[in-house]
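J.: Dropping the structure in here first, questions after.
The values are calculated or read from the model by the stated rules, or taken from the named source; none is laboratory data. Quantities reported herein were computed from a predicted structural model and do not represent experimental measurements. Here the Cβ positions follow ideal geometry from the backbone for every residue, glycine too, while neighbour counts run over all protein chains shown.
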Amino acid sequence: MSTPLLEIKNLHAEVEGNEILNGINLTINPGEVHSIMGPNGSGKSTLAQVLAGKDDCDITQGQILYKGKDLLDLDPNERACEGLFLAFQYPVEIPGVSSMQFLKAAVNAKREYHGLEELDGVQLLQLFREKADVVNISMDMVKRNVNEGFSGGEKKRFEIFQMAVLDSEFAVLDETDSGLDIDALRIVSEGVTNMRDGKRGFLVITHYQRLLNHIVPDVVHVLVDGQIVKSGGIEVATELEQQGYASWAEAEATAS
């Protein structure tokens, strides 16, 4: 049996002294796509930030294993070099920084981490063109500065392109559907779907079923008050869409 890509065991975390995650248990195997849904304040984005290594999230209990390694022992840059990618809810602009130079630095930093030679300009351009085809974006976008003047949809598409260029093995998509119109949602979802394979894993964090109609997950988890209260197939997302989160929150309150 293969090693799980990600194992979260009894994870508790605080932000500014407030407990946000209250015993998360989650296993994602290579090739799987999992989705986490939950109301505002349930801990979805905090979980994403913990995985990425944001320093204002204090782990008070539990363990996270990534490809069998203790993820919490790794700095954020080491996690990225190990293949973990976080797609932000609100990607930032970096005025004056060329997207090509930004990606060149990221790709070659990861290669150096793994003891590989840097790619030269010709090799990088070939890589960019290849991955642009995979995620269906124009090279014109790659020639611009990082997210500068991009629409919300373009920023999200550029993040999926970054993930493809870096050949990330595990991607956390933190409400990547936020602010997307129907066409942008479809394009972003197609980019993710085109990268699904037997080795890569995804954790898709969202409020809405509409994203999961495009990126069909293997497992849907419901997160309420920092705990996963239910897991199942896509029917869980359908049930949430019809009934909302109130019944789950009430059930959790009764159980506690």
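J.: Which of the residues spanning region 213-229 are in contact (Cβ under 8 Å) with a residue 60 or more places away in the chain and out of contact with any strand residue (DSSP E or B) (no Cβ under 7 Å at 6 or more places or on another chain)?
T.: Residues satisfying the conditions are Val216, Val224.
J.: Considering only residues that are assigned to a loop (DSSP other than H, G, I, E, B), at negative phi and either modelled with pLDDT of 80 or more or polar (S, T, N, Q) (or both), which ones fall in region 208-256?
T.: Matches in region 208-256: Asn213, His214, Ile215, Val216, Pro217, Asp218, Gly233, Ser256.
J.: Still on this structure, please answer the following. If you check Leu116 against the conditions, is it hydrophobic (A, V, I, L, M, F, W, C) and either at pLDDT 95 or above or more than 27 Å from Leu47 (Cα to Cα) (or both)?
T.: The answer is yes for Leu116.
The rows are residues; the columns are (1) among the hydrophobic types (A, V, I, L, M, F, W, C); (2) closer than 29 Å to Ala132 by Cβ; (3) in contact (Cβ under 8 Å) with a residue 40 or more places away in the chain.
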site: Tyr66; (1), (2), (3): no, yes, yes
site: Asp70; (1), (2), (3): no, no, no
site: Arg79; (1), (2), (3): no, yes, no
site: Leu84; (1), (2), (3): yes, yes, yes
site: Pro95; (1), (2), (3): no, yes, yes
site: Ser99; (1), (2), (3): no, yes, yes
site: Phe102; (1), (2), (3): yes, yes, yes
site: Asn108; (1), (2), (3): no, yes, no
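J.: Given (1) charged (D, E, K, R); (2) crowded, with 22+ Cβ neighbours inside 10 Å; (3) in a helix (DSSP H, G or I), where does Asp177 come up short, assuming only one miss?
T.: (3)
J.: Has region 152-165 got any residue that is surrounded by 17 or more Cβ atoms within 10 Å (Cβ to Cβ), in contact (Cβ under 8 Å) with a residue 12 or more places away in the chain, closer than 16 Å to Asn136 by Cα and of a type in the set (S, T, N, Q)?
T.: Yes, region 152-165 contains a residue that is surrounded by 17 or more Cβ atoms within 10 Å (Cβ to Cβ), in contact (Cβ under 8 Å) with a residue 12 or more places away in the chain, closer than 16 Å to Asn136 by Cα and of a type in the set (S, T, N, Q).
J.: Identify the single condition in (1) touching a Leu at 6+ places or on another chain (Cβ under 8 Å); (2) surrounded by fewer than 22 Cβ atoms within 10 Å (Cβ to Cβ); (3) aliphatic (A, V, I, L, M); (4) closer than 22 Å to Glu82 by Cβ that Leu185 does not satisfy, given that it satisfies every other one.
T.: Looking at each condition in turn, Leu185 falls short on (4).
Let's see how each residue does on (1) without any contact (Cβ under 8 Å) to a residue 40 or more places away in the chain; (2) among the basic types (Lys, Arg); (3) surrounded by fewer than 20 Cβ atoms within 10 Å (Cβ to Cβ); (4) closer than 26 Å to Met195 by Cβ:
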| site | (1), (2), (3), (4) |
| --- | --- |
| Lys9 | no, yes, yes, no |
| Val15 | no, no, yes, no |
| Ile20 | no, no, no, no |
| Leu26 | no, no, no, yes |
| Gly31 | no, no, yes, yes |
| Ile36 | no, no, no, yes |
| Gly41 | yes, no, yes, no |
| Val50 | yes, no, no, yes |
